[in-house]
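As structure tokens, the structure follows; a few thoughts come after it.
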Amino acid sequence: MAESDVKVKVLGSWSSPFVMRTMIALNIKSVNYEYLEERLWEGKSELLLKSNPVHKKIPVLIHGDKPICESLIIVQYIDEVWSSTPSILPSDPHERAAARFWAAYLDEKWFPSMRTISIAQGEDAKKAAIAQLEEGLVLLEEAFGKCSKGKPFFGGDQIGYLDIAFGCFLGWLRVTEKISGINLLGEAKTPALLKWAHRFCSDASVKDVMPETEKLAEFGKMIMAKMRGAAPPKS
Amino acid sequence: MADEVKLFGMWASPYSRRVELALKLKGIPYEYIEEDLSNKSSLLLKYNPVHQKIPVLVHNGKPIAESLVILEYIDETWRNNPVLPQDPYDRAMARFWAKFIDEKLLTTARKVSFATGKEQDQAIEQITEQLKLLENELKGKEYFSGQSIGYLDIVANVLVFWFRNLQEALGVDMFTEEKFPIIFEWIGKLVKIDTVNECRIPKEKHLDYIRTRLEALKFSSK
């Protein structure tokens with residue numbers, strides 16, 4: 001096939017859930033790729049700045065000489081170029097719309113509230129951010145029921161678009177649970193998601209690219225320390 | 001079985017208007033329901049419980065929310081006159097710039113609307129840079145989508161009426177033919193298309209609406 005002759009590169013960072021999405025999608029399609037780690041704290045590489053001049057962010061997928069940016073756009077691109085099974089997006093337009101809707105919700109509302117927890121000033125603000133996260137998980141538990149229809153993943157028998165979009169955040173979710181001492185995914189409110197999370201992380205296309213929680217937690221502490229050090233004192 | 005298509009929208013919303021434009025370009029008959037955003041209908045809340053926002057498309061009783069998600073749904077369901085390009089790379093580019101418009105340009109437009117003085121100047125500088133990046137995408141093309149209007153033109157349609165009205169209401173100078181000749185050439189072509197005009201936001205009513213809202217916000221923040 002022509003695609004296999006064309007080089008595929010991924011510009012990423014090991015701790016980024018968005019980069020993970022790209023790699024999971026490529027793994028699902030059994031596409032060989034070269035992974036290039038960006039050491040973001042040391043300054044962005046020439047290749048990154050050239051490939052993503054608008055946002056200067058990872059991930060970037062470079063297919064031949066074509067750069068594709070924005071993780072969910074990359075995942076759709078991968079699905080459309082390597083169009084042999086397994087499919088990442090569902091085939092039914094309504095199910096595709098639901099998958100896209102929830103992926104957008106995760107990126108625009110849910111994950112930002114997770115980030116808010118780490119920068120929240122004071123106990124009340126932290127509690128409010130955690131409550132938002134928990135509410136979101138309850139919504140996602142319901143969505144899982146509707147999308148999976150009794151099957152193991154949002155995408156059905158196999159990992160699909162929404163599994164990838166959501167599952168990539170599990171590492172940081174576990175770090176948040178560790179730091180806050182609160183069980184966010186639990187038997188009480190999100191039993192189905194709890195089981196799904198385990199299946200997702202054990203999947204062949206995921207397990208080698210999911211960072212260890214310990215490593216992420218250490219990294220998180222380091223960033224927080226840097227941010228506190230870098231931020232000027234508030235007057 | 002006859003298709004039943006309903007659109008819950010709002011006359012001043014560019015997100016709502018872009019869905020209307022897509023439906024009309026495809027020749028899809030639909031029932032339009034105008035929502036009063038200060039008093040949302042129980043149907044809207046039922047169809048979009050997560051965000052409680054318009055636009056919502058309801059196709060044979062099933063709701064779809066989020067304008068960009070709706071556009072893709074429309075293109076996949078009614079296959080005539082495709083609005084997204086065929087080639088995967090071109091599709092990725094179209095999606096990239098649509099996201100840029102919604103996440104960067106329109107966010108900065110809001111900053112321009114609510115900021116004053118130096119902050120507003122900075123926001124205007126930011127939006128100028130963003131518009132320049134977008135304008136680059138038009139170079140050498142008839143429309144964003146190539147020879148005829150498509151997905152990215154439908155999304156960028158926000159510039160044609162909404163954005164220009166906003167500028168006029170604010171009395172700022174951020175989006176002019178002088179600064180962006182290529183975009184304005186594109187606007188000139190767009191306004192000649194009947195379907196685009198059918199979906200335009202009525203100018204005077206819109207200017208009034210923007211001014212009233214800004215006044216209310218200034219008043220409430222004192």
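I need the full set of residues from the range A:73-121 which are part of a helix (DSSP H, G or I) and within 17 Å of A:VAL8 (Cα to Cα), in order please. Residues satisfying the conditions are A:ILE73, A:ILE74, A:VAL75, A:GLN76, A:TYR77, A:ILE78, A:ASP79, A:GLU80, A:VAL81. Every listed requirement among (1) under 25 Å from A:PHE101 (Cα atoms); (2) surrounded by fewer than 22 Cβ atoms within 10 Å (Cβ to Cβ) is met by B:ILE74 save one, (2). Out of all the residues in the range B:134-166, which are in contact (Cβ under 8 Å) with a residue 60 or more places away in the chain, under 17 Å from B:TRP97 (Cβ atoms) and assigned to a loop (DSSP other than H, G, I, E, B)? B:SER145, B:ILE149, B:GLY150 - these are the residues of the range B:134-166 that are in contact (Cβ under 8 Å) with a residue 60 or more places away in the chain, under 17 Å from B:TRP97 (Cβ atoms) and assigned to a loop (DSSP other than H, G, I, E, B).
Taken together, the residues in the range B:9-25 that are of a type outside the set (A, V, I, L, M, F, W, C) and surrounded by fewer than 18 Cβ atoms within 10 Å (Cβ to Cβ) amount to 1. Would you be able to tell me the number of residues in the range A:77-113 that are closer than 20 Å to A:ASN27 by Cα, within 7 Å of chain B (Cβ to nearest Cβ) and out of contact with any strand residue (DSSP E or B) (no Cβ under 6 Å at 6 or more places or on another chain)? Final tally of qualifying residues: 2. Report yes if A:ARG39 is within 30 Å of A:THR176 (Cβ to Cβ), at pLDDT below 95 and more than 14 Å from the chain's Cα centre (by Cα), otherwise no. Criteria met by A:ARG39. In the range A:55-73, the residues that are on the phi > 0 side of the Ramachandran plot form Cβ pairs under 8 Å with partners that are β-branched (Val, Ile, Thr), at six or more places apart or across chains, as follows: A:GLY64/A:VAL6.
Quick one: is A:VAL6 without any contact (Cβ under 8 Å) to a residue 60 or more places away in the chain and either crowded, with 19+ Cβ neighbours inside 10 Å or in contact with a Pro (Cβ under 9 Å, 6 or more places away or on another chain) (or both)? Judged against the criteria, A:VAL6 is not a match. Within the range B:49-133, which helices (runs of 4 or more DSSP H) (wholly inside it) include 2 or more residues that are free of Cβ contacts under 8 Å to residues at least 60 places away in the same chain and among the basic types (Lys, Arg)? By residue number, B:88-100, B:106-114.
Residue-level analysis places B:ALA98 among those that are in contact with a Phe, Trp or Tyr (Cβ under 8 Å, 6 or more places away or on another chain) and within 18 Å of B:ARG17 (Cβ to Cβ). Of the helices (runs of 4 or more DSSP H) lying entirely inside the range A:124-232, those containing at least 2 residues that are modelled with pLDDT under 95 and loosely packed, with under 13 Cβ neighbours inside 10 Å are A:213-230. If the condition is being of a type in the set (A, V, I, L, M) and either over 24 Å from B:LEU207 (Cβ atoms) or not in a loop (DSSP other than H, G, I, E, B) (or both), then the range B:167-178 contributes B:ALA169, B:LEU170.
The residues on offer are B:LYS46, B:LYS6, and the sole one that is loosely packed, with under 13 Cβ neighbours inside 10 Å and in contact with a strand residue (DSSP E or B) (Cβ under 9 Å, 6 or more places away or on another chain) is B:LYS46.
What do you reckon, is A:LYS56 in a loop (DSSP other than H, G, I, E, B) and away from chain B (no Cβ under 11 Å)? In short, yes. Can you tell me which residue is nearest to the chain's Cα centre (by Cα) among those in the range A:53-66 that are surrounded by fewer than 20 Cβ atoms within 10 Å (Cβ to Cβ) and of a type outside the set (A, V, I, L, M, F, W, C)? Among those that are surrounded by fewer than 20 Cβ atoms within 10 Å (Cβ to Cβ) and of a type outside the set (A, V, I, L, M, F, W, C), it is A:LYS57.
The values are calculated or read from the model by the stated rules, or taken from the named source; none is laboratory data. Just so you know, these numbers come straight off a predicted model, no measurement behind them. Methodologically, a virtual Cβ is constructed for each residue, glycine included, from the backbone with ideal geometry; neighbour enumeration extends over all protein chains shown.
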